[in-house]
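Since the structure comes first, as structure tokens, the remarks are kept for the end.
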Amino acid sequence: MSDSLVALVVITVIVAIGAFVGFFASTRHKMDLEQWTVAGRGFGAVFVWLLMAGEVYTTFTFLGASGWAYSRGAPVLYILAYQPLMYVVSFFILPQMWEVGKKYKLQTQADFFRARYGSRHLEAFVALVGVVFIIPYLQLQLTGLGLIVEVASFDGIHHTLAMVISFAIVAAFVFTSGVRGAAWVSVLKDILLLFVAVFVGIAVPYHYFGGIGSMFSTLARSHPSHLIMPGATQNLGHAWFVTTVLMTALAFFMWPQYVSACYTAKSGDTLRRNAVIMPLYSITMPLMFLVGFTALMVLPRLANGDLAMLTIVRKIFPPWFLGIVGGAGALTAMVPAAVQILAASTLFVKNFCRPLLAPSMTDAQVAKSAKATVLGITALALCFAIYSSTSLVSLLLLGYSGVAQIFPGVVLGLYSRRVTTSGVFAGMATGIGVVAFLALTKRDPLMGLNAGFIGLCVNFAITGVVSLLTPIQPAAFDQLAQEIES
């Protein structure tokens, strides 16, 4: 068989096994709204770990990390700085959100805002923000998946066709299996990702330079500026690094899919244990940096830095191994894409359409409509993925800047009685306005500062000022509890 056919067979087998597991996950459960979105809140530490890891370590791990190491250099180290900090944030915040979610039967991020602030309009606004900014993250998965399959198949499958086929598979098992299907596929995905990352991350520098130390010595001689800030960029210096680390650490678990994953846990202690052990998974990131740095010296003229890891693997490994890498990469796109689609479709129907357009809609009708919405949201992200050329890391940072604006409403809602609905609404709207203006006018970073961090600071300030100027209002939790009991 040709190299292309060998790689394609291996990729197809891995994806087929993953798809089968995803479909099979729902066979013993009735997929009502509770099961579809939060798996009946029955996941223990292992499944929560797998589900979180499945969403955290995605095609960004495979392509974006090595791509930025290749094309930008030192700024990529922000990834290593924010990951430990984001788990510290999750240790304190997620168990509190789980307690609220369990008590008041919450299923989405916007449900929390409705429960805490008692405002349907704020609920709908948070849902809209979540859907809008989850699209770039979903676009990242589909773009990365297309690149992975195209390169790993020796160009046997064009990246657009790969995205369309995978879009159909992902949409189908999201429709049938919900979050439970994504968690089960994560088992296979995580095994393959860890194997590929460890093996390739160590083998590639040894193949070309005899070791990691020798690789860095060569890099320091040939590209000395690549290892210091701002690397190969003009404006991603120390101020950008610090503000990006802070913004992403605070924003990370504000993604709608992570809040929904939080609600799947059996207890708050499950989430605390998860925050302690999850940083161990971060070993995959520096290994991908090593591949990107090696590729810079071996393949210095790549038109797209996001292809660095795949191109160098295709250069030195046999077709069957490239097929394993391609299959693993495809699953790292499909698993988070599935949860992102599920979160976005549920938010749109349950927390945007229902409160504003159809207050009498039942949960059964929400589940049916959300499943129908899966196709539209995936198609929208697919269009962006096909027609946009934005780098994977840039897409991710755009999404972070948006969802970061949800953080003040969550943390102040959990720990302060003084914050008001008007304050949260005004702060979030202003923060998003700042981010949108800076991004659209290409002023990110501004004076070296990350646009999302600037928006977050303005957000906190506006939230505080408006809350002080408006009357204190009781939390809506008690009223919601009475509605649930009745």
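Report, by residue number, each residue of the range 260-313 that is part of a loop (DSSP other than H, G, I, E, B), farther than 30 Å from D111 by Cβ and small (G, A, S).
Initially, the range 260-313 is screened for residues part of a loop (DSSP other than H, G, I, E, B), giving 264, 266-267, 299-304.
From what is left, the residues that are farther than 30 Å from D111 by Cβ are 299-304.
Within the range 260-313, A303 is the sole residue that qualifies.
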What pairs come up if the first residue lies in the range 116-127 and is part of a helix (DSSP H, G or I), the second is among the small types (G, A, S) and open to solvent by 10 Å² or more (accessible area, probe 1.4 Å), and their beta carbons are under 9 Å apart, counting only those six or more places apart or on different chains?
R116/A475; R116/A476; Y117/A475; Y117/A476; F125/S119; F125/A429
Test V393 against the stated conditions and say whether it is under 30 Å from L161 (Cα atoms), touching a helix residue (DSSP H, G or I) at 6+ places or on another chain (Cβ under 9 Å), open to solvent by less than 10 Å² (accessible area, probe 1.4 Å) and modelled with pLDDT under 80.
yes
Residue list for the range 148-170, restricted to those being in a loop (DSSP other than H, G, I, E, B) and open to solvent by less than 10 Å² (accessible area, probe 1.4 Å)
S153
Considering (1) free of Cβ contacts under 8 Å to residues at least 12 places away in the same chain; (2) closer than 30 Å to K442 by Cα; (3) over 24 Å from the mean Cα position of the chain (by Cα), say which one C383 fails and leave the rest.
(3)
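Consider T420 carefully, then state whether it is open to solvent by less than 10 Å² (accessible area, probe 1.4 Å) and touching a helix residue (DSSP H, G or I) at 6+ places or on another chain (Cβ under 8 Å). Spell out the reasoning first.
Working: open to solvent by less than 10 Å² (accessible area, probe 1.4 Å): yes; touching a helix residue (DSSP H, G or I) at 6+ places or on another chain (Cβ under 8 Å): yes.
For T420, the condition - open to solvent by less than 10 Å² (accessible area, probe 1.4 Å) and touching a helix residue (DSSP H, G or I) at 6+ places or on another chain (Cβ under 8 Å) - is met.
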Can you tell me which of (1) under 25 Å from S71 (Cα atoms); (2) not in a helix (DSSP H, G or I) is the one P359 doesn't meet?
(1)
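Against the definition (closer than 30 Å to T12 by Cα, part of a helix (DSSP H, G or I), in contact (Cβ under 8 Å) with a residue 40 or more places away in the chain and open to solvent by 10 Å² or more (accessible area, probe 1.4 Å)), how does F195 come out, yes or no? If you could, list the steps in order and put the result at the bottom.
Numbers: closer than 30 Å to T12 by Cα: yes; part of a helix (DSSP H, G or I): yes; in contact (Cβ under 8 Å) with a residue 40 or more places away in the chain: yes; open to solvent by 10 Å² or more (accessible area, probe 1.4 Å): yes.
Here the answer is yes, as F195 does meet what is asked.
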Of the residues that make up the range 232-251, is at least one assigned to a loop (DSSP other than H, G, I, E, B), without any contact (Cβ under 8 Å) to a residue 12 or more places away in the chain and surrounded by fewer than 21 Cβ atoms within 10 Å (Cβ to Cβ)?
yes
Picking from L188, L145, the residue that is in contact (Cβ under 8 Å) with a residue 12 or more places away in the chain and crowded, with 24+ Cβ neighbours inside 10 Å would be L145
Can you name the condition, by its number, that A171 falls short on among (1) touching a Pro at 6+ places or on another chain (Cβ under 7 Å); (2) closer than 21 Å to C383 by Cα?
(1)
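Any residue that is under 23 Å from L106 (Cβ atoms) and either touching a residue at least 12 places away in the same chain (Cβ under 8 Å) or surrounded by 21 or more Cβ atoms within 10 Å (Cβ to Cβ) (or both) - is there at least one of those in the range 201-217?
No, the range 201-217 contains no residue that is under 23 Å from L106 (Cβ atoms) and either touching a residue at least 12 places away in the same chain (Cβ under 8 Å) or surrounded by 21 or more Cβ atoms within 10 Å (Cβ to Cβ) (or both).
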Where in the range 1-98 are there helices (runs of 4 or more DSSP H), lying wholly inside it, with at least 3 residues that are modelled with pLDDT of 85 or more and under 23 Å from I148 (Cα atoms)?
3-24, 65-71
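Residue-by-condition table, conditions (1) without any contact (Cβ under 8 Å) to a residue 60 or more places away in the chain; (2) touching a Cys at 6+ places or on another chain (Cβ under 9 Å); (3) hydroxyl-bearing (S, T, Y):
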position	(1), (2), (3)
S416	yes, no, yes
A429	no, no, no
G433	yes, no, no
A439	yes, no, no
K442	yes, no, no
F453	no, no, no
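Are any residues in the range 268-288 among the small types (G, A, S) and within 19 Å of L94 (Cα to Cα), and if so, which ones? Before the answer, list the steps.
Looking only at the range 268-288, we keep the residues that are among the small types (G, A, S), and these are 268, 275, 282.
Scanning the range 268-288 gives G268, A275.
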Could you list all residues from the range 270-301 that are farther than 18 Å from G67 by Cβ, modelled with pLDDT under 90 and open to solvent by 50 Å² or more (accessible area, probe 1.4 Å)?
R273, V276, I277, L280, I283
Failed condition for V325, given (1) part of a helix (DSSP H, G or I); (2) at pLDDT below 90; (3) open to solvent by 10 Å² or more (accessible area, probe 1.4 Å); (4) among the aliphatic types (A, V, I, L, M)
(3)
Taking the criterion of being modelled with pLDDT of 90 or more, surrounded by fewer than 21 Cβ atoms within 10 Å (Cβ to Cβ), closer than 18 Å to V374 by Cβ and not polar (S, T, N, Q), would at least one residue in the range 116-129 satisfy it?
yes
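The values are calculated or read from the model by the stated rules, or taken from the named source; none is laboratory data. Worth saying up front: this structure is predicted, and the values here are computed from it rather than measured. Positions of Cβ are generated from backbone atoms using ideal geometry, with glycine treated the same way; all protein chains shown enter the neighbour counts. Ligands, DNA and RNA are excluded from the accessible area calculation, which covers all protein heavy atoms including side chains. Shrake-Rupley method; radii C 1.70, N 1.55, O 1.52, S 1.80 Å.
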